[in-house]
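Visitor: Mind having a look at this structure? Questions to follow.
The values are calculated or read from the model by the stated rules, or taken from the named source; none is laboratory data. These numbers come from a predicted model, not from an experiment. Cβ atoms come from the backbone with ideal geometry, glycine included; neighbour counts cover every protein chain shown.
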Amino acid sequence: MNTHPLRLALIIASTRQGRFGEAVGRWAAGLARARPEYAIDTIDLAEFALPTDLGDSAETRELTERVGAADAFLIVTCEYNHGYPASLKLAVDSVREEWATKPVGFVCYGGVAGGLRAVEQLRQVFAELHAVTVRDTVSFHFPHTRVDPDGRVNDPATAEAAETAARTLFDQLTWWATALREARGTLPYAPTP
């Protein structure tokens, strides 16, 4: 059994000016850092100038390398117009095989739906890339009233519910990341083109 920490890439999807993703990302990163099984790599898509033609660039190569090095992913995403941000779609499509046989978890946020519609779309995208999405998700409805800019949940009931949901999410992510890392090390996987 591999005893090295699982490499968790925490991806902050929104790149809009005035975005709230950084606050939710800080909250998720704080909980992830408290888990001893993870080594965290935060990938903030606002720090990448990805090309619009998905061509070869230094940014694309760096993102591909970091995704390739990860054992699991935690996507922090908002919901824009019932979908996920274009920046996330571009990042996902810029990489390819490096997503395969790795688990993906979600922390989402938005208005009344709390980002859940974006996550449902992302499940379809990651299935096409041969990644495994974990069942449970953390969702913040109207996060501007519940999470401060430093990533602290200011309502005790919301904090308790979110932390309980996050524990379940991280437990599932850990199980899948461990199982899939061991499988990748012993049995080659050949996704269909």
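Visitor: Got a number for residues in the stretch 42-58 being at pLDDT 80 or above and exposed (fewer than 15 other Cβ atoms within 10 Å of the Cβ)?
Guide: Residues meeting the conditions: 2.
Visitor: Now a separate question. Answer yes or no as to whether Thr168 is at pLDDT 95 or above, over 23 Å from Val95 (Cα atoms) and crowded, with 20+ Cβ neighbours inside 10 Å.
Guide: Criteria not met by Thr168.
Visitor: Just checking, which of Ala183, Ala166, Ala190 is part of a loop (DSSP other than H, G, I, E, B) and more than 18 Å from Tyr84 (Cβ to Cβ)?
Guide: Result of the check over Ala183, Ala166, Ala190: Ala190.
Visitor: Here is a follow-up. Could we say that Gly105 is surrounded by fewer than 21 Cβ atoms within 10 Å (Cβ to Cβ), touching a residue at least 12 places away in the same chain (Cβ under 8 Å) and outside any helix (DSSP H, G or I) here?
Guide: No; evaluated as a whole, the condition is false for this residue.
Visitor: Follow-up question, since we're still on this one. Looking at (1) at pLDDT below 90; (2) loosely packed, with under 15 Cβ neighbours inside 10 Å; (3) assigned to a helix (DSSP H, G or I); (4) not aliphatic (A, V, I, L, M), which is the only condition Gln124 fails?
Guide: Unmet condition: (1).
Residue-wise test of (1) surrounded by 12 or more Cβ atoms within 10 Å (Cβ to Cβ); (2) of a type in the set (Val, Ile, Thr); (3) closer than 29 Å to Arg96 by Cα.
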{"residue": "Glu128", "(1), (2), (3)": "no, no, yes"}
{"residue": "Val147", "(1), (2), (3)": "yes, yes, no"}
{"residue": "Pro156", "(1), (2), (3)": "no, no, no"}
{"residue": "Ala162", "(1), (2), (3)": "yes, no, no"}
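Visitor: Whether any residue in the stretch 145-162 is among the hydroxyl-bearing types (Ser, Thr, Tyr), at pLDDT below 95 and either out of contact with any strand residue (DSSP E or B) (no Cβ under 8 Å at 6 or more places or on another chain) or outside any loop (DSSP other than H, G, I, E, B) (or both) is what I want to check.
Guide: Yes, the conditions are met somewhere in the stretch 145-162.
Visitor: Return yes or no: is Ala39 surrounded by fewer than 22 Cβ atoms within 10 Å (Cβ to Cβ), modelled with pLDDT of 95 or more and not basic (Lys, Arg)?
Guide: Answer is yes for this residue.
Visitor: Mind counting the residues in the stretch 7-31 that are closer than 13 Å to Thr174 by Cβ, aliphatic (A, V, I, L, M) and surrounded by fewer than 22 Cβ atoms within 10 Å (Cβ to Cβ)?
Guide: Taking the stretch 7-31 as the starting set, the residues that turn out to be closer than 13 Å to Thr174 by Cβ are 7-8, 31.
Now narrow it down to the ones that are aliphatic (A, V, I, L, M): 8, 31.
This time we only want the ones that are surrounded by fewer than 22 Cβ atoms within 10 Å (Cβ to Cβ), so: 31.
Result for the stretch 7-31: 1.
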